[in-house]
Amino acid sequence: MATIAATLSISFIPSPARFAVVATTSALSSSRAKRPARFRCCAEPSSPEQENPSTPTPAPPQPPVNLPASPSSLWGISTSTWSAGVAGLGFLETAYLSYLKLTGSEAFCPIGGGGCGDVLQSDYSVVFGIPLPLLGLVAYGLVLTLSLQENGKKFLPGIDDLDIRLTLLLISTSMATASAYFLYILSTRFIGTSCSYCLASAFLSFTLFSIRVKQDFGLERVQKFVGLQLAVAIIVALALTNSYSSATTQLNGTDDFVLEPYDTEITTESTPFAIALAKHLRSIGAKMYGAFWCSHCNEQKQIFGREATKILEYVECFPNGAGKGKKMAAECAAAGIEGFPTWVINGEVLGGDQELSVLAEESGFPVDGTEQP
C-alpha cells in the first residue's frame, strides 16, 4: 500500500522533488525485492511445485472410457472357442456325408443299421436340388470361420465384433430351425428308422444355438433380436416346406432295374373269424400297407384268405412299379412307411406279417367273434 500511495502522489509533487521521491521509492523497492516473500494472497494458493518441488505433479482426472465387454466364457473357455470347436465337428460330419451323397456310396451307420443310407438317399436329403449335407457343410464352415475371426483370427477384414456375433446368432437360429424340421420329418416320414448322423447334426446345431444365445448375448440382450430370429426361423421353415411339398420316399437299392407291378394269387380259404376280423378292421379305419413284390405281404394275405383279403383296406405302396425312377405312393410316404407289410390300427404301427389273434387284440376284436363295446 505504501508503494501504491507513493506512486499516486508523484503527480502532485513539483518536478525536482518528484525525482527525489522516485529515487527514494526505487531504493525502497529494490531493498524490498531482496527479501523473501512472507505473505501470499489467499485467493491464489501456491501450486504443489512451489510447496514441495520434489513431489511429482498428479495427472488430471480423465473422462471414463467405455471399454468393450470381455468375451463370455464357459468353464474358462471363450464362447468363440466353443463355437469354433462345435462347428468344426459339424464340418467334418457334413463333409463325410457330402462325399457319400455326391459319390452315391453307402453310409456306415454305427447305430440303427441301414437307416442312415435310407435317409441319405431319399428325396428329403435334397433342398431345391442342392444336397442337404452340402448346405450343412457351408453353414458349419461359415460358423467356423466367423468364430475364429471372433477369436482373433483375421480372415475377413473390416467386420467388427458386433456384426460377427449378430451374424452367428442368425446362422445358428436358422440351423436350429432346420434341425427341428428335419427331426419332425425323421419321426413322421421314416418311422422306425434310426439315423445317427441326423441326430448328431441336430445336437450340434442346438448346441451352437445355445452357445450364441445364452453364453454370448445373454437372455436379456437377445430379446432385442427376437423378432429378427423369428423372421429367420419362419423363412427357413417355409422354404423347407415348399421344397419338400412333392418329396416322396423311393425304395432303396432299386436304382438299377424296373419291376413292373403284378398280382399274386391267394390260394387259401377265409375262415368265418378271418372274415369277421377283416370287417371289423375296415370299420375302425385300420390299414395294411404293402408292396406287390413283398413276400411277407403275400403271406399276410394268405393268412386272411381270399374272401377276407378283399374286405381289408389294403394300400399298395408301389402301384406303378418299383425300381429306377419309380416312387412310393404319396399316401405311403405321408404315413412314413419303411417296411412291408405295415399295419396302422388306432394310431398304432405294427411292422411285419401278424397273426390274426394279434390283430384282433390290437383292434379290440374278441377272439370269440363278439365285438367289444
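Bear in mind these aren't lab numbers, they're just calculated from the coordinates by the rules spelled out. In this text, all values refer to a predicted model and were calculated from it rather than measured experimentally. All Cβ positions, even for glycine, are placed from backbone atoms using ideal geometry, and neighbour counts span all protein chains on display.
Is there a pair in LYS101/LYS301; LYS287/LYS326; LYS101/LYS310; LYS154/LYS214; LYS301/LYS327 whose C-alpha atoms are over 32 Å apart, and which pairs would that be? In this structure, LYS101/LYS301; LYS101/LYS310 lie more than 32 Å apart at Cα.
Each peptide in 307-318, 228-239 was scored by the mean count of other Cβ atoms within 10 Å over its residues; highest first, the order is 307-318, 228-239. The slack between LEU162 and SER283, meaning 0.36 nm per residue of separation minus the straight C-alpha distance, is 37.3 nm.
The listed peptides 160-169, 89-98, ordered by packing as a protection proxy, come out as 89-98, 160-169 (highest mean of other Cβ atoms within 10 Å first). Expressed as a whole percent, the proportion of Cα-Cα pairs in the range 83-149 lying more than 20 Å apart is 32%. Here the calculated FRET efficiency for GLU355 and LYS154, from their Cβ-Cβ distance with R0 = 51 Å, stands at 0.15, rounded to the nearest 0.05.
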